[in-house]
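The structure appears below as structure tokens.
The values are calculated or read from the model by the stated rules, or taken from the named source; none is laboratory data. Since we're looking at a predicted model, the values are computed, not measured. Cβ sites come from the backbone with ideal geometry, for glycine too, and all protein chains shown count toward neighbours.
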Amino acid sequence: MTVILAIAPADSAGRRCNRNTIREFRVSNYRIDFAREILGVPFTVGSVGIQRARDPERALRAAELRFARQHGVGDWRERADRAVIAEAGRP
């Protein structure tokens, strides 16, 4: 899916200008798997799906916050040792 945003830039006084700037970026779906390592073997403890993230880094950050909220902890590292990003496909 391609999303196109038309943004009217502001001048130095904060007023909108007449010309439009067009930005285009692709959004993807991502799945982030969280795992706990026991004796060097990773065991998946949870998975979070993120819809419409601009890039993998944003998807990972959103998944970390969602995973922590779902498990009632302050930081996702309390429940998992690692997070692995997998692109689930484009809508």
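Quick rundown of the values:
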read-out: Check on ALA53, modelled with pLDDT under 95, exposed (fewer than 12 other Cβ atoms within 10 Å of the Cβ), among the small types (Gly, Ala, Ser) and at negative phi; value: no
read-out: Search result, residues across region 66-87 that are under 14 Å from ALA35 (Cα atoms), assigned to a helix (DSSP H, G or I) and out of contact with any Lys or Arg (no Cβ under 7 Å at 6 or more places or on another chain); value: PHE67, ALA68, TRP76, ARG77, GLU78
read-out: Every pair of residues 6+ apart whose Cβ atoms lie under 7 Å, when the first sits in region 48-65 and is more than 11 Å from ALA83 (Cβ to Cβ) and of a type in the set (Lys, Arg) while the second is outside any strand (DSSP E or B) and modelled with pLDDT under 95; value: ARG52/VAL27; ARG54/VAL27
read-out: Single residue of region 78-87 satisfying the filter (more than 12 Å from the chain's Cα centre (by Cα) and surrounded by 15 or more Cβ atoms within 10 Å (Cβ to Cβ)) that is farthest from PRO42 (Cα to Cα); value: ARG79
